[in-house]
Every structure is written in structure tokens, then in C-alpha cells.
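Presented below is the structure to which this report refers.
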Amino acid sequence: MNKFKFKLISGIVVVFLTMVLLNSFSYAAEDEYHLILRFGKIDRVVEDAGYYFLTPFVETVTVLPKEIMLYDIPPSDVITSDKKTMIVDEFVLWRITDAVKFAQTLNSSISNAEYRINTIVYNATKNVISSTLQEDVISGRDGWLAESIMRAIGSGAEQYGMEIIAVETKRLDLPDDNKEAVYERMISEREAIAAEYRAEGESQAQMIINETDRTVQVNISNAEAEAAAIIAEGEAEYMRILAEAYDSPEKQQFYMFIRALEAAEASLTGETTLILDADSPIAQIFMGY
């Protein structure tokens, strides 16, 4: 009987020691913070991956994520500087940067952290949009709106041991009751601007056309005048040369003879015989009287 009791007690001791040993070690992954609590108070933080020692029955572990997390903020209404209501739907990328501060201020709760993020981001978004015209908010989807919201957030999350990495807008829309009216107004304004640009362009185009036509007419007139002057000068030179070439009776008679031959040649259209009247100037030239 004593032997049985000894074995039983020995087995219980072995089990107890095994449990103590198993509870003396824990493992931290690379994407985790391990907060070591001694009697419920934070004693230290394990940030490096690997096994570490715990004091059995005295120390406990709270695990917090180290990776970047995404929080989808519920859609909310905001009012622009021109008193127009808009619906904004955003999501946030964030992470824990100070595990101790996070545990102390938010009780190590991701839900509490998301509630604070919701408040911080909404207030920043409201402040940015409330100082901006609706038209500028709609056209600010090229990154300006996100940058402005991040500047408004600043270091507001650091007091909770968190960092808000980015805020992105999934949807920025108008309430259904005034969406159509706003779109029609914006279209009308854009059409008015386009009509003004077209009118200005047509006016400038007509000015250019008129100036071009005037320049063309001036150039044509100058060219015609210059051509007429050149022709007149050429004819005068021709007459001078002709007068010099036939400045004697013999040269004039030869010239008249050549002209007579040319006239006779022009008269022989397919014929080989030329019949002239005796009184014809050409006949007189050919006959020598």
C-alpha cells in the first residue's frame, strides 16, 4: 500500500513539474508583441521572435499584433464649406508602435483602438472638408484629399501607442436627394465655361483669318505691281533694242522682208502655192517695189 501511494504521489509530482516546465516557456512570432504581466501589471515586452522564460503562476502573457492592419470605417456624413452634405467612406492602414502605451490606454483591445481611429479620422476628415467647397472636394480625388486628412491627423494616434499609416477614400458621394441637382449644376457651369472658351477661340480665329487675308491681298497687289513694272521695263528694253537693230533704211527694209516671210508662212496653211494681189504689201516686198 505504501508503495502504491509512493507511485501515485510521484506521478502527481511529475505531472505538476511537467506543467510548471511547460508554463515556464512561451514562443513569440515575428509579427507579435508579447506583454509579460506580473500579477496583472506589465513587467516587460518581448519584441524579438523566439522562445523566452516565464515565471510559472506569477507571469502571464498578452499577445498584440505587430503587422499593419486595415480598418474599414463606416460611411459618415460631412458638410462642406458651402453647406453641402457629402457621404465619405474610408479605410485606414494602421499598426501598433508602442505595445505598453497601447495596453495602458486601450486595455490591449483592437476594438477600442478601432473606435479611437474612427474618431480621429472622422474629425480630421470633417475639418478638411468643412473648410473646402464641394466642387473642390469632388475634384480632389487625385491625392490632395488624402494628404490633407493625414496632415490634419498629425500625431493624434501616438498617445495610444498607434500609428495611422494611410487614410484612403473608397467613396465620396452626394446624398441621393440632391445628387442629381448638383450634377446638373456642375454640368451647366462646365457648359457655360466651354461656350465662353469656344466664343473666344472663334473670335481669335476670325481675327487671324482677317489678318491673313489682308496680308495675302497686300502681297498679291505688291506682286502684281512689281510684275507690271518688270513687264513695262522689259517692253521698253525690247523697243530700245529693236530700234537700235533697225536704225538704218537697209536694216528696216530687211526687217520688213523677214516679217513678210513670216506672214506668208502663216498664210500657207497646208498649201504649197501662195496667191497675192499685186497691190499687196507682201507682194510689193517680194517683187522689190
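Structural remarks
- For the range 163-172, the tally of residues that are touching an Asp or Glu at 6+ places or on another chain (Cβ under 8 Å) and farther than 14 Å from Thr119 by Cα stands at 5.
- If only residues of the range 133-168 that are within 25 Å of the chain's Cα centre (by Cα) and closer than 21 Å to Leu106 by Cβ are counted, the one that is most open to solvent (accessible area, probe 1.4 Å) is Ile165.
- Restricting the range 61-73 to residues that are open to solvent by 70 Å² or more (accessible area, probe 1.4 Å) and over 12 Å from Thr97 (Cα atoms) leaves a set whose member that is modelled with the lowest pLDDT is Val63.
- Candidates Asp48, Asp31, Asp82 - the one that is farther than 22 Å from Lys170 by Cα, surrounded by fewer than 13 Cβ atoms within 10 Å (Cβ to Cβ), touching a Leu at 6+ places or on another chain (Cβ under 8 Å) and not small (Gly, Ala, Ser): Asp82
- Cβ pairs under 9 Å, 6+ apart, first in the range 150-171 and on the phi > 0 side of the Ramachandran plot, second at pLDDT 90 or above and of a type in the set (Asp, Glu): Gly161/Asp98
- Residue in the range 190-201 that is open to solvent by 100 Å² or more (accessible area, probe 1.4 Å), of a type in the set (Ser, Thr, Tyr) and modelled with pLDDT of 85 or more present: yes
- Number of residues in the range 105-128 that are at negative phi and crowded, with 16+ Cβ neighbours inside 10 Å equals 14.
- Selection status of Phe102, open to solvent by less than 50 Å² (accessible area, probe 1.4 Å) and of a type in the set (Phe, Trp, Tyr): yes
The values are calculated or read from the model by the stated rules, or taken from the named source; none is laboratory data. From a predicted model like this one, the values you see are computed outputs, not experimental measurements. Neighbour counts are summed over all protein chains in view; Cβ atoms, including those assigned to glycine, are modelled from backbone coordinates with ideal geometry. Just the protein is used for accessible areas: all its heavy atoms, side chains included, with ligands, DNA and RNA removed. Shrake-Rupley method; radii C 1.70, N 1.55, O 1.52, S 1.80 Å.
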